[in-house]
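Engineer: Please find one structure pasted underneath; my questions will follow.
The values are calculated or read from the model by the stated rules, or taken from the named source; none is laboratory data. The structure presented is a predicted model; accordingly, all values stated were derived computationally and were not measured. Every residue, glycine among them, receives a Cβ derived from its backbone with ideal geometry; neighbour counts consider all protein chains shown.
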C-alpha cells in the first residue's frame, strides 16, 4: 500500500470517525450528498479548498467543545505535512494535513474531523512512516497555532513554542506568548538570499516581537468582555441564541483579534479553524490577589488593543475613514471572590456564580483627521488638522461602534487636553472636537445624548494641592453610577448589566488618560467589592494596601501601552499627579521623555512597517512599491468607497446599536417569563449537567505541575507582601490607609455630595468616622482575640474528650437487644462501671449513663445496615479493590429487632476489633 492509498484508508475508515452530535453527522451526510451532484470529482475523497491570491468565500466556522487542543506536534514527509493536536491529558488526538505538492502561492489544508485515541494515533503515524520511503520526521512541538503568512514565495506557519500563565478567570487560564517560530510550507525550501525581498520582508515581520504582550486562552474568549461571554451563555440556557450581544458580533470580536490576517488563508479551507488556531490579543493582562481574613479576592486588569489603525505614536493620529481611532484600547477590570473557582455554583449551576463582577473603560485618540509631522526632530511637533469634515462622518462611525459594543448606553467623554495655550496647539483639537460632539448630539435621542466633559488636567496638576485627584474622584463617582458595573447573577433578573462607557482621551492617550482611568477604576473597584458584600462603603482610601496594589496594576498597564504606542514608559505617573516624591519622580519623567523622543524619531518607522506587514495592511505584489519604498502608509489604512449607499449625515447611528441591552433583556426574557431554570438549561445546553465546561481539565492541568512553587496562583502578586512591613500596632486590613491624613476624609465628603451625581451608597457624615465610638483593632488586639478564641476551643475540646472517655472502648456494639445487654454488663469492669455511673449528660441531651444498662433503642431505629461492608471489613485476606466505587457498597434498611442486626452485633463482639462511632 502506497502513501496515498494509506491516507485514503484513514479518511474512509468509519470506526475511527466519531461525531460530536447528530447535527454534525447530518452535515457530513449532507456534504457527501452535495458532492454527488453533477461534478467530475471522485466521491471517495473530499476535495480541499485552495487558498490563492483570489480569496474564496470563507466557510461557516464551528467550534468543538468535546475536547480542547492544547499541544501540537508537526511531522514532515516529502509531499505532506501533518499536525497532530492533542488535549491536555493526551488521551484524544486529531490530525491536520497540509499538501506540499501544490504551487507555493496556494495553500491546501484538509481536516477530516476524525478523533483518535492514543493507540490509534500511534498506529496511524506508524503506517504513514512505513508508507513513505523517506519516512516521517518530527519537526516541532508547539503549544498553539497562529495562522499562515506569505511574503513573496511560500506560506509560513506561525507556531507558539513557549507560553506562560498570567491569569485565571473562572478556572480558565490566560497565557502569555513567550516564543514563536516560522515553519515554511514547502517541500524544497531554501533560506532566502540576504538582501532579497523575501529576506527583508521576513526580517520586517520579525521586528514585531510576538513574545511581548501577546495573550491567548484555550478555553476563554479573551477578545470579548466578561459581561458578553456570560450573557451569551445565559441566552443559550433559555434557548435564545438568536439574541446577539454585542449586536452584530456573534463570535470573537474581530476588532481585537490581532492574528486575523494570519487566519484568513485557512478560513476558506476548513470549518474547524478555531479548534486548531488560537485568537490572540495585544495589550496587557495582569492579576493580583487581595487577602482578606482568609478570603482571596482576585483583581484582573485586561487591556485589549484594537488592530485597526494601529501603529506608532506620531505615525498614527486621529481617525481613519472607517471610524477606528489610533491607540484604541479597551480596559476591563474583573473582580472575583474566589470562594469558588468556576463560573458555576455547586449543585448543577450554569454560569450562575454571583462572585464575579467586571467594569470596562475605553481610551482612544480624538476622532478627527489630524496629524503631527516628526521630520523636524522636535519633542512636540505642531498639530495639523488635515481635513475638515462638516458632517464629522468618521467620528459618527466611531461613536456608533461604541454604542454597538457597550450595550447602547450613554457615552461619557472625558477630554483632558489643554484649554489655554499661548501658542495654539492642543486647543485646535479642543474647538474642533467640541463642534463635533455638539453636531452629533443635535440628532441623537434625548436619553442617548453623549455627555461631554472638558478639563485641563495639565494646568490643574501645576497648581498647589490635590486638585487633580479631587476632580477625578468626583467625576469617577458619577461616571460609575451612570454606567453601572456588571455583576453576574443566577438568572437574568438578578444579573446587573453595565450599559454605556466612559471614553477618556488626551493627546497621546497615555499619561493623563492612564491617571484618569486609574481613579475611575479605583471607584469602580469599591463598587464591585460592595456588590460582592465584602465592604459596606465603596470609597477606598488612598495609601491602603488594596489601592497601592491597584496603583501598581494601572502603572504597569500604562507602561505597557506607552511602550507599544510611544516607545517608552509613562512620563507622568500617579506619583506625579499626587505629588509624591516629587524630586525623584521629576527626574524619572525627564529620562522617559528623552527615551520617547528617541524612539519616535528613529525607531517608529521600523515598528510601523512591521505592524503593517503583520496585520495585512501591506501585501506584497509584483510590480508594486515595496514596503520600505513607500513615503506614507495613509492609503493602507484609509479606503474611500465611491459607489454604494452612503450613511445619513443626520441619522448617523444604527437603531439596533443604541438599543438598551437592559431593556432588551427585560422585554425578551423577563416579561415573557422565560428566565433561566434548571429544566430549560437541560433542554437547551448540550451535555448539561454533566460535562459542559472544560474549566476542570484547564485549571487542574495534568502533566504540568510538579512543585507547588511552580503554581501560578502561588506566585501571584498579593497584598501579603505589604504585611511584612507593618508595625505591631498597625491595622492589618487592606482597606485601611497606612498614612492617616485628612485627605481621605475630605474626598469622602466630596464624593458624598449629591451634586456630583453619585448615588447614595456612601455612609452618612455622622456614620463615616468610627474613631469617635470605637477604637481600631491593632496587631496586639488581634493576638489577644486569637488567644481567647483558642482557649475557648481548648475548653470545648476537653469537655468533649471527657464525655467520650466515659464510654467503653470496643465493648458496646452498635446494635442492642436484651441478650447483648447482659453481655455488656459482664464485660464492664468494676472501675469502668464507676466511671460510667459518675457521668451525667442529661443536661443537654435526652439520654443518660446513670446505670450500667444503656437504653439506645432510639439510636437504632430504622438504621441502614451495610452487611457486605462489615463482612469485608473483618475478612481482610479476601479484600479486592473494585473499579467502580459507586457499586462497592449496598445499603439495605433493616429493623433493630431483625436477625441480621443480632448477627452483625455478635460478629463484632467476637472479633473485638476497634471501631469509633461518632
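Engineer: Test of understanding: among 434, 470, which residue is surrounded by fewer than 18 Cβ atoms within 10 Å (Cβ to Cβ), in the same structural domain as residue 509 (by TED's automatic domain parsing), at pLDDT 95 or above and on the phi < 0 side of the Ramachandran plot? Show your work before the answer.
Structural biologist: Working: 470 fails: at pLDDT 95 or above.
So the residue among 434, 470 that is surrounded by fewer than 18 Cβ atoms within 10 Å (Cβ to Cβ), in the same structural domain as residue 509 (by TED's automatic domain parsing), at pLDDT 95 or above and on the phi < 0 side of the Ramachandran plot is 434.
Engineer: Let me ask something else. Return the only residue of 187, 207, 253 being outside the structural domain of residue 607 (by TED's automatic domain parsing) and within 30 Å of residue 654 (Cα to Cα).
Structural biologist: Exactly one residue qualifies, and that residue is 253.
Engineer: Shifting gears a bit: All but one of (1) in contact with a strand residue (DSSP E or B) (Cβ under 9 Å, 6 or more places away or on another chain); (2) at pLDDT below 90 hold for residue 560; state the number of the condition that does not hold.
Structural biologist: Going through (1) in contact with a strand residue (DSSP E or B) (Cβ under 9 Å, 6 or more places away or on another chain); (2) at pLDDT below 90 one by one, residue 560 breaks only (2).
Engineer: Would you confirm whether or not region 281-292 contains a residue that is closer than 30 Å to residue 549 by Cβ, in a loop (DSSP other than H, G, I, E, B) and at pLDDT 95 or above?
Structural biologist: No: zero hits.
Engineer: Continuing with this model, one more query. Read through the list (1) modelled with pLDDT of 95 or more; (2) surrounded by fewer than 23 Cβ atoms within 10 Å (Cβ to Cβ); (3) not in a strand (DSSP E or B), then give the number of the only condition that residue 315 fails.
Structural biologist: (1) is the only condition that residue 315 fails.
Engineer: Let me ask something else about it. Need at least 1 residues that are free of Cβ contacts under 8 Å to residues at least 12 places away in the same chain and touching a helix residue (DSSP H, G or I) at 6+ places or on another chain (Cβ under 8 Å) per element, so show me which helices (runs of 4 or more DSSP H) inside region 471-579 make the cut, counting only ones lying wholly within it.
Structural biologist: On the way: elements: 511-531, 545-565, 574-578.
The helices (runs of 4 or more DSSP H) meeting that bar are 574-578.
Engineer: Given the structure, is residue 683 assigned to a helix (DSSP H, G or I) and at pLDDT 60 or above? Don't jump to the end; show me each part of the working.
Structural biologist: Working: assigned to a helix (DSSP H, G or I): yes; at pLDDT 60 or above: yes.
Yes.
Engineer: If you scan region 355-382, which residues turn out to be in contact with a helix residue (DSSP H, G or I) (Cβ under 9 Å, 6 or more places away or on another chain) and farther than 25 Å from residue 426 by Cα?
Structural biologist: 356, 357, 358, 359, 360
Engineer: Working carefully through the options 327, 348, find the one that is buried (at least 23 other Cβ atoms within 10 Å of the Cβ), in a loop (DSSP other than H, G, I, E, B) and touching a helix residue (DSSP H, G or I) at 6+ places or on another chain (Cβ under 9 Å).
Structural biologist: On the way: 348 fails: buried (at least 23 other Cβ atoms within 10 Å of the Cβ).
Checking each option against the conditions leaves just 327.
Engineer: Might you check whether a residue that is within 29 Å of the chain's Cα centre (by Cα) and in contact (Cβ under 8 Å) with a residue 12 or more places away in the chain occurs anywhere in region 643-650?
Structural biologist: At the first step, the residues of region 643-650 found to be within 29 Å of the chain's Cα centre (by Cα) are none.
For region 643-650, residues within 29 Å of the chain's Cα centre (by Cα) and in contact (Cβ under 8 Å) with a residue 12 or more places away in the chain: absent.
Engineer: Please determine, by comparing only the residues of region 651-676 that are free of Cβ contacts under 8 Å to residues at least 40 places away in the same chain and either outside the structural domain of residue 397 (by TED's automatic domain parsing) or part of a helix (DSSP H, G or I) (or both), which one is surrounded by the fewest Cβ atoms within 10 Å (Cβ to Cβ).
Structural biologist: Just the residues of region 651-676 that are free of Cβ contacts under 8 Å to residues at least 40 places away in the same chain, to begin with: 655, 663, 666-667, 671-673.
Cutting the leftovers down to either outside the structural domain of residue 397 (by TED's automatic domain parsing) or part of a helix (DSSP H, G or I) (or both) gives us 663, 666-667, 671-673.
Values: 663: 12, 666: 14, 667: 12, 671: 9, 672: 11, 673: 6.
My answer is 673.
Engineer: Just one of 459, 442 is surrounded by fewer than 18 Cβ atoms within 10 Å (Cβ to Cβ) and closer than 30 Å to residue 744 by Cβ; which is it? Give the derivation first.
Structural biologist: On the way: 442 fails: closer than 30 Å to residue 744 by Cβ.
Checking each option against the conditions leaves just 459.
Engineer: Please go through region 385-407 and pick out each residue that is crowded, with 24+ Cβ neighbours inside 10 Å and over 15 Å from residue 652 (Cβ atoms).
Structural biologist: Once the filter is applied, which keeps residues that are crowded, with 24+ Cβ neighbours inside 10 Å and over 15 Å from residue 652 (Cβ atoms), region 385-407 yields 406, 407.
Engineer: Give me the residue from region 181-203 that is surrounded by fewer than 20 Cβ atoms within 10 Å (Cβ to Cβ) and in contact with a strand residue (DSSP E or B) (Cβ under 6 Å, 6 or more places away or on another chain) and, out of that set, nearest to residue 80 (Cα to Cα). If you could, list the steps in order and put the result at the bottom.
Structural biologist: So the first thing to find is which residues in region 181-203 are surrounded by fewer than 20 Cβ atoms within 10 Å (Cβ to Cβ), and the list is 181-182, 184, 186-200, 202-203.
Restricting the remaining residues to those that are in contact with a strand residue (DSSP E or B) (Cβ under 6 Å, 6 or more places away or on another chain) gives 181-182, 184.
Numbers: 181: 19, 182: 17, 184: 12 Å.
That would be 184.
Engineer: What number of residues in region 67-90 are surrounded by fewer than 19 Cβ atoms within 10 Å (Cβ to Cβ), more than 26 Å from the chain's Cα centre (by Cα) and more than 17 Å from residue 189 (Cα to Cα)?
Structural biologist: The total comes to 1.
Engineer: Looking at region 204-224, which of the residues that are outside any loop (DSSP other than H, G, I, E, B) and touching a helix residue (DSSP H, G or I) at 6+ places or on another chain (Cβ under 9 Å) is surrounded by the most Cβ atoms within 10 Å (Cβ to Cβ)? Step through it out loud before you land on a result.
Structural biologist: Step one: of region 204-224, the residues outside any loop (DSSP other than H, G, I, E, B) are 204-206, 214-216.
Next, only the ones that are touching a helix residue (DSSP H, G or I) at 6+ places or on another chain (Cβ under 9 Å) stay: 204-206.
Details: 204: 21, 205: 18, 206: 14.
In this case the residue turns out to be 204.
Engineer: Sticking with this structure for a sec: Quick test for you: out of 351, 359, pick the one residue that is on the phi > 0 side of the Ramachandran plot and touching a residue at least 60 places away in the same chain (Cβ under 8 Å).
Structural biologist: On the way: 359 fails: on the phi > 0 side of the Ramachandran plot.
Of 351, 359, the one residue that is on the phi > 0 side of the Ramachandran plot and touching a residue at least 60 places away in the same chain (Cβ under 8 Å) is 351.
Engineer: Which condition breaks for residue 614 when tested against (1) surrounded by 12 or more Cβ atoms within 10 Å (Cβ to Cβ); (2) farther than 30 Å from residue 470 by Cβ; (3) modelled with pLDDT of 85 or more; (4) out of contact with any strand residue (DSSP E or B) (no Cβ under 9 Å at 6 or more places or on another chain)?
Structural biologist: Among (1) surrounded by 12 or more Cβ atoms within 10 Å (Cβ to Cβ); (2) farther than 30 Å from residue 470 by Cβ; (3) modelled with pLDDT of 85 or more; (4) out of contact with any strand residue (DSSP E or B) (no Cβ under 9 Å at 6 or more places or on another chain), the lone unmet condition for residue 614 is (4).
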